[in-house]
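What follows is one structure encoded as structure tokens, with my remarks underneath.
The values are calculated or read from the model by the stated rules, or taken from the named source; none is laboratory data. Not measured: the values here are computed from a predicted model. All Cβ positions, even for glycine, are placed from backbone atoms using ideal geometry, and neighbour counts span all protein chains on display.
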Amino acid sequence: MLLVETVIKSIFLIKFWRRDLDPILNVICGEHGTGKTTLIRRAANEVGTGVIYIDIPSYINELDEAFGKAINYAFGEHVPLTIQLLEKTAINDNHHRVSKWEMALRTINQASTKYRKRYNKPLVIVYDNINTLFHNHPEILDILQDNAKRGADNGECITVFVSSEVPRRMELRSAWSRAQIPVMEICDLNEQESMDYLIAKHKINEEEAKKMYNLVGGRLLELQTVADCFRNKQTFEVTKGQVFSMVKKRLYSAKLLKDQQHHEIGKSIIQDLLKSEEIDIVIFRKFFKDEKSFSEVLGENVFAYHQCITRQRKQSRFNQSQWHISFEKIMICSDLNSYLLP
């Protein structure tokens, strides 16, 4: 079988960038470690000309540089001159200086218009790791989303937002009307794909590969980690101990261990999950008294956050995306009961 992370998913992603598609807003969702950034960068490189890839940094003071790098890479050495010219007039009606990333966004908009006229194809703009904006700088996300809608309405660009989750804020804005539903979710590998990955790429025998999959599940990042341990001739029991230690650190970071802030909430959630395997995101959110606590726990990858597509009604041509919470495979393997219950 061809490896999903090197072929199948890349081909799937590239479908976003076929130039005969109508301009639209796309969202790609995948939890940390699923390999989404690697796949998207590879797909963008394969498409080549006409794709602007912007990696949203964790620190907002690096946003200007991120936009600048993206433009220079996409358009070459002539762009800095364009930005210099924009800087001279970068004052709005209230005499407030416009940030460099906003000037860069204007440059991208101008380029989208010219690219469409010259090639009769939309420019593609990829914003990776937009989840870094959700809680601390949602106003920037609003600007990017509104700009994406403008580009789609004008037929000038296809915008792709890449994130670890889809925030309710994005779904509530008018720009969401231009989004491709359901969103694309990059999930963990299944058992066969994981076995293929370990055996074909890392030359691990079938018996050991099976043990590794049972230990960490199909998350690419974690499969890579245990494969590296095997290559370094580390025993499976030592690797298992390291994995369990990492799991405990996740629980600690999410404040779910005994005597920590979210311990009682964690117990209630896990008891529900042990009964039904997954719960709706709306129900999951109700366990928390505020958005900060909800995001804090969900962000530590103790629980898996994924979408379940259901038909809204028989006559409808639209799919409804419902987001569910379940256990991360690695958390099940480590026996959460020993940490949280009773």
* **Filtered residues of the range 151-164 (kept if assigned to a loop (DSSP other than H, G, I, E, B) and either among the hydroxyl-bearing types (S, T, Y) or within 18 Å of the chain's Cα centre (by Cα) (or both))** => S164
* Asked: Among A227, A148, which is touching a His at 6+ places or on another chain (Cβ under 8 Å) and either part of a helix (DSSP H, G or I) or in the same structural domain as K114 (by TED's automatic domain parsing) (or both)?
  -> A227
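Taking the range 202-213, which residues are part of a helix (DSSP H, G or I) and surrounded by 12 or more Cβ atoms within 10 Å (Cβ to Cβ)? Before you say what the answer is, go through the steps one by one.
The first filter runs over the range 202-213 and keeps only residues part of a helix (DSSP H, G or I), leaving 202, 206-213.
Residues satisfying the conditions are H202, E208, A209, K210, K211, M212, Y213.
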* **Single unsatisfied condition, E171 versus (1) closer than 30 Å to G151 by Cα; (2) outside the structural domain of I28 (by TED's automatic domain parsing)** => (2)
* Structure fact -> Log entry, pairs with first residue in the range 181-193 being over 13 Å from N214 (Cα atoms), second being part of a helix (DSSP H, G or I) and of a type in the set (K, R), beta carbons closer than 9 Å, six or more apart or on different chains, reads I186/K9; I186/K36; D188/K329
* To do: Only residues that are in contact with a helix residue (DSSP H, G or I) (Cβ under 6 Å, 6 or more places away or on another chain) and at pLDDT 85 or above: list them for the range 56-83, please.
  => I56, P57, S58, L63, D64, F67
* Structure fact -> Cβ pairs under 7 Å, 6+ apart or interchain, first in the range 152-175 and in contact (Cβ under 8 Å) with a residue 40 or more places away in the chain, second part of a helix (DSSP H, G or I) and basic (K, R), ordered by first then second residue, are A152/R178; G155/R116; E156/R116; V162/K36; A175/K149
* Structure fact -> Checking I199, I181, I130 in turn, the sole residue that is at pLDDT 90 or above, assigned by TED's automatic domain parsing to the domain that holds D55 and β-branched (V, I, T) turns out to be I130
